[in-house]
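One structure below.
The values are calculated or read from the model by the stated rules, or taken from the named source; none is laboratory data. These figures come from a predicted structure and were not determined experimentally. Ligands, DNA and RNA are stripped out before the accessible areas are found, and what is left, the full protein with its side chains, is counted by its heavy atoms. Shrake-Rupley method; radii C 1.70, N 1.55, O 1.52, S 1.80 Å.
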Amino acid sequence: MVIRDRSGLPADDSAPVYGEPFETSDGAIVITVARRGLFSTVMRPAGVFVVRDGSATWVPAVDVDRIALMGELIGLLAAVIASLAILRRPPWPDLGRRGN
């Protein structure tokens, strides 16, 4: 049973889903958190809550591959836009002779 079921709050498609808490060997309690993706059956990890010595900390799940892909796509898009801007109308003046 997840924490949301225990609290009596209504289930929402965009609401986070909390996993069953478990205790590690060093005494910390870990609670996993996931979010529903586009389809309600697909879950994407959001992170974990770690409770140790009475204080809770949030540790987000970081998808390094997705961050790298976004950086590559932004760089490619910037290069394409800069190339199109230069090819369409060069920023330098026309140095050729005309009329003579």
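Side notes on the structure shown:
- Filtering region 65-100 to residues that are on the phi < 0 side of the Ramachandran plot, open to solvent by 70 Å² or more (accessible area, probe 1.4 Å) and at pLDDT below 85 leaves I86, L87, R88, R89, P91, W92, P93, D94, L95, R97, R98, N100.
- For region 5-54, filtering for residues that are open to solvent by 50 Å² or more (accessible area, probe 1.4 Å) and either modelled with pLDDT under 65 or within 25 Å of R66 (Cα to Cα) (or both) leaves 23.
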